[in-house]
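Written below as structure tokens is the structure these notes are about.
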Amino acid sequence: MMFQDPLTRSYDAIVVGSGATGGWAAKRLSEAGLNVALLEAGRDVSPREFTEHKPVFELKYRNIAGAGDWRKTRPVQTQCYACTEYNYDWFVNDLENPYSTPPDKPFSWQRIRMVGGRTLCWARQSYRLGDLDFKAASHDGYGQDWPVSYKDMAPFYDIAEEYVGISGAAEANDALPDGHFLPPMKMTCGELHFRESVAKNFGRTVTIGRTAILTEAHNGRSACHYCGTCERGCISYSYFSSPFTTVKDALKTGKCTLLTNAVVANVEMDPATNLATGVTFVDGKTRQTKTIRAKTVILCAQALESTRILLNSSSGSHTAGLGNSSGLLGRGLMDHSTGAGAAGELPQFKNAPDPYSGPHRANGIYVIRYRNTSKATRQPNFIRGYGFQGGAGAVFNFEAEGFGAAYKDAVKTGSYRINLGAFGESLARDENFVSIDPNLKDAWGIPALHISMTHGENERLLHEDAAATAAEMLEAVGAKNIEVRSAVAEPGMAIHELGTARMGDDPKTSVTDSYCQLHDVKNVFAMDGACFVSSACQNPTLTMMAITIRACDHLIDRFKKNEI
Amino acid sequence: MNRRELLRNSFLTIGAAAVTLPAGARIFPAGEDAWLALERADWTPVFLNPQQNETLLVLSDAMIPATDTPGAKAALVNRFLDLVLSAEPVASQNEFLESLAWFDTGATERYKAPFVKLTDEEKQDFLNLVAYPHTHPRWGSTETSFAGHEHFSMMKRWIVSAYYSSPVGLKEQGWDGWAARGTFSGCEHQPGEHKAN
């Protein structure tokens, strides 16, 4: 085959971003026979970089707080538990990738620019949304319903789950649709006790976390070997990560060209047709500006990055960014509210901690939403709801008092702990927004974002309730020394940025249609978290993938009908 | 996946990656081990002065002594903390040194000798006085907060972090040098019996 410079040809589709949604878009479109250019702002990743089995003492600073240059270059990124001395270079250099916030509205924007994006380090929790979420506005009158229902989305959840491999247990709970699960991971004694106690005392459902980790061989990948440190890679590819699944499949078709270090700046438009002709990007290595052409442009760069590209794409009649005739592009930023919960000891369990070289389950338990799920559970002072993630088990007791031989013994004896942390719905409020900071550019000369977001009164009240109900559930299970947390953490800490280009049927009140196509431009799509109408309280990545698959299948149909 | 399969996958992965290594990737060289630098016979501190290093060595081994398993001295806690402190912010360095120095101040006040010169019994007595959050009556203080305990807690945090992240400390937690873990079996009791213990 003759080599052809990727920049001299025109593609059917440019996909910007190679993470959870970009990988799916590239796979779906190229497997349908379309020619795809997959642009990734960062470099490629190699399994040789995986460090999940490297003992901590082999690191120079053992990831001890404050030490090491990685904290100087990544003061924001190291707020993420997964950004450590092992893998910090997977995360963006904050000095090269600035953004601004109002002084009184901090926002922690945690990002990876690499092939695979945040699927390299994601927490893997995978839950469906249901009509309680898609039609939330109809339930309580706040905001807008999604332009899709669970019936529309279910087939695409099926496709995502069957390919990705989600382990979990069906619970037949109306607040959280079941899916197609691989065998669930096991619960500890304390977790089973908690599940039974919560069901008996409160009628609430505790299930094992539904996670994108294989519990049996699946689609050519091996079952989990329970080393427990997924955020540092996985030599058996047991957790879902796009470079080794969707992107790999896309490249295998021969129809997909991957361009790394391609930092997309803006979408190029033809004013005569009001259609996009491609994108302009900066070569991350040479700093040269280049343009690549295609019939369609699909933004999967991560919610805020996709919106940044659109806001940086003003031209002709699109004076305030591309797709912004509604004035809503950038508005309605959401990130799940976190911070509330409770922790305590379960002294009735005497188990010793699992040895360091024993099996470690990189998963926990999930308490399914129980507030505002029906008239009977409607709350007087807040709308929507929250779920809890947590776990129970014996841990080494480094916090033991004293010193000497007694301290060493106490550490090894351990303590049996239980912990719950809430993920609350973050309401879509138009006063939470991103815009272009006119005075700030990144290292590639691309105008940077200004992010302005606070969690509101509803989130505060919701977390107060979450703290109280977490405590009551721990008390009921017999926990001692219960510590209750009710403060809402800084936005961004859930790493679930959503919204800013929400979907809807009405171009006056939304940015894209239900297939993620901009109302204003027929061949530009925002197929990631940007199109979310509401956040629900479930981890969003599975829904992002299902939305992308649905949108791509619709786009393939349009190609087949020569509508593109 | 059993250990043999894991090992095979590991080799296959590394073999496949050898031809596709991306530019800019940070690869830990095979066998790279920062611990080896701490073990060098010609090791000298880069941050602490010799007296501070000696105090830390003695204090850490008194806090986490050798028992049926090795203690802080064998874990080279002082050497690792010297390295970490060299990269810490100045404020953090100063807090550490202040707390470390307090042990000499306190020992001199009570026993008329710096900490490293105390007998084993005196060290035990001294640490007993400062190890617990309440004001120990034998210290003679009636304040609700006790600087000695705060300095003890500060040093304990550093020493515990260094000890339990060392090869000795990992073995203390059941590390056997092997990475593969097997299968997480969870609660193995019969239904309804898991709260029996």
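Details
- Answer from B:G24, B:G71 - the residue that is more than 27 Å from A:I213 (Cα to Cα), modelled with pLDDT of 95 or more, in contact with an Asp or Glu (Cβ under 9 Å, 6 or more places away or on another chain) and of a type in the set (G, A, S): B:G71
- Residue in the stretch A:461-472 that is farther than 26 Å from A:G130 by Cβ and either among the hydrophobic types (A, V, I, L, M, F, W, C) or modelled with pLDDT under 95 (or both) present: yes
- Among residues of the stretch A:126-160, those that are farther than 25 Å from A:G228 by Cα and assigned to a helix (DSSP H, G or I), counted: 19
- So A:R43, is it closer than 23 Å to B:F80 by Cα and under 25 Å from the mean Cα position of the chain (by Cα): no
- Residue in the stretch A:8-15 that is part of a loop (DSSP other than H, G, I, E, B) and surrounded by fewer than 19 Cβ atoms within 10 Å (Cβ to Cβ) present: yes
- Considering the stretch A:223-247, and only residues there that are outside any helix (DSSP H, G or I) and under 15 Å from A:K27 (Cα atoms), the residue that is farthest from the other protein chains (Cβ to nearest Cβ) turns out to be A:F240.
- The stretch A:117-153, residues that are acidic (D, E), touching a helix residue (DSSP H, G or I) at 6+ places or on another chain (Cβ under 6 Å) and touching a residue at least 24 places away in the same chain (Cβ under 8 Å): A:D145
- Members of the stretch B:119-146 that are in a helix (DSSP H, G or I) and at pLDDT 85 or above: B:D120, B:E121, B:E122, B:K123, B:Q124, B:D125, B:F126, B:L127, B:N128, B:L129, B:V130
Every residue, every condition in (1) of a type outside the set (D, E, K, R); (2) closer than 24 Å to A:T548 by Cβ; (3) crowded, with 24+ Cβ neighbours inside 10 Å, yes or no:
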position	(1), (2), (3)
A:P75	yes, no, no
A:P102	yes, no, no
A:F107	yes, no, yes
A:R113	no, yes, yes
A:G130	yes, yes, no
A:K135	no, yes, no
A:D145	no, yes, no
A:P155	yes, yes, no
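- Against the list (1) farther than 28 Å from A:D44 by Cα; (2) within 19 Å of the chain's Cα centre (by Cα); (3) not in a helix (DSSP H, G or I), the condition A:A123 fails is (1).
- Among the residues of the stretch A:481-531, those identified as assigned to a strand (DSSP E or B), in contact with a helix residue (DSSP H, G or I) (Cβ under 7 Å, 6 or more places away or on another chain) and over 29 Å from A:P271 (Cβ atoms) are A:I482, A:V484, A:R485, A:L498.
- Output for the stretch A:164-180, where each listed residue is away from chain B (no Cβ under 14 Å) and surrounded by 18 or more Cβ atoms within 10 Å (Cβ to Cβ): A:V164, A:G165, A:I166, A:G168, A:A175, A:L176, A:P177, A:G179
- Restricting the stretch A:35-78 to residues that are assigned to a loop (DSSP other than H, G, I, E, B) and charged (D, E, K, R) leaves a set whose member that is farthest from the other protein chains (Cβ to nearest Cβ) is A:R74.
- Only one entry of A:K200, A:K186 meets the criterion of being among the charged types (D, E, K, R), within 11 Å of chain B (Cβ to nearest Cβ) and out of contact with any Lys or Arg (no Cβ under 7 Å at 6 or more places or on another chain), and that entry is A:K186.
- Taken across the stretch B:40-49, residues that are within 17 Å of B:K156 (Cβ to Cβ) and surrounded by 18 or more Cβ atoms within 10 Å (Cβ to Cβ) do not occur at all.
Results for (1) surrounded by fewer than 22 Cβ atoms within 10 Å (Cβ to Cβ); (2) within 30 Å of A:S238 (Cα to Cα); (3) within 14 Å of another protein chain (Cβ to nearest Cβ); (4) of a type in the set (G, A, S), shown as yes or no for each residue.
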| residue | (1), (2), (3), (4) |
| --- | --- |
| A:S315 | yes, no, no, yes |
| A:H318 | yes, no, no, no |
| A:R331 | no, no, no, no |
| A:P347 | yes, no, yes, no |
| A:I368 | yes, yes, no, no |
| A:K375 | yes, no, no, no |
| A:Y386 | no, yes, no, no |
| A:Q389 | yes, yes, no, no |
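Quick grid of which residues meet (1) farther than 18 Å from A:A501 by Cβ; (2) in contact (Cβ under 8 Å) with a residue 40 or more places away in the chain; (3) surrounded by fewer than 24 Cβ atoms within 10 Å (Cβ to Cβ):
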site: A:I292; (1), (2), (3): yes, yes, no
site: A:A303; (1), (2), (3): no, yes, no
site: A:N324; (1), (2), (3): no, yes, yes
site: A:G327; (1), (2), (3): no, no, yes
site: A:G341; (1), (2), (3): yes, yes, no
site: A:D354; (1), (2), (3): yes, yes, yes
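- Test: A:H463 is part of a helix (DSSP H, G or I) and under 29 Å from A:G330 (Cα atoms): yes
- From A:A443, A:A448, A:A428, residue being in contact (Cβ under 8 Å) with a residue 40 or more places away in the chain and out of contact with any Pro (no Cβ under 9 Å at 6 or more places or on another chain): A:A428
- Total residues in the stretch A:199-228 satisfying the condition of being in contact with a helix residue (DSSP H, G or I) (Cβ under 8 Å, 6 or more places away or on another chain), more than 21 Å from A:P359 (Cα to Cα) and either charged (D, E, K, R) or surrounded by 22 or more Cβ atoms within 10 Å (Cβ to Cβ) (or both): the figure is 2.
- Leading residue by the ranking (farthest from the other protein chains (Cβ to nearest Cβ)) among those in the stretch A:79-88 that are buried (at least 18 other Cβ atoms within 10 Å of the Cβ) and under 23 Å from A:E305 (Cα atoms): A:C80
The values are calculated or read from the model by the stated rules, or taken from the named source; none is laboratory data. Keep in mind that what you see is a predicted model, and the values were worked out from it rather than measured. Neighbour counts run over all protein chains shown; Cβ positions are idealised from the backbone, glycine included.
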